[in-house]
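Okay, so here's the structure we're looking at.
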Amino acid sequence: MPLSRDERFELLNKIKRKRLKMKDLADQVSCTPSLLSQYFALSCNISEEREDNLIKVVNAAREFEYRKVYLE
């Protein structure tokens, strides 16, 4: 079953929090970055297989962590 509008929005927020690039996600999901952009803009749908793969890739990615490094 395809993701709802709110679920897509949450997935996009997770992608932004993890600082993932659409090009990298598209390569891993085997589609184009423009297709992913249209998908998140609610202009089109993607297959359930790609959608499941996209969710797995995003969930497996590490959270971006900002650390200050002091040089002496």
- What part of the accessible area of the chain, given as a whole %, is carbon or sulfur when the probe is 1.4 angstrom? 50 percent
- Item | Rel. contact order, % - alpha carbon contacts under 8 angstrom, at least six apart, the chain | 39 percent
- Lysine pairs, Cα distance under 19 Å, 8 or more residues apart or cross-chain: how many in the chain? 7
- So Ser4 and Val69, fully extended at 0.36 nm per residue minus their Cα-Cα distance, gain in nm 19.3 nm
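The values are calculated or read from the model by the stated rules, or taken from the named source; none is laboratory data. Bear in mind that the values here come from a model prediction, so they are computed numbers and not experimental data. Keep in mind that these areas ignore ligands, DNA and RNA; they rest on the heavy atoms of the full protein, side chains included. Shrake-Rupley method; radii C 1.70, N 1.55, O 1.52, S 1.80 Å.
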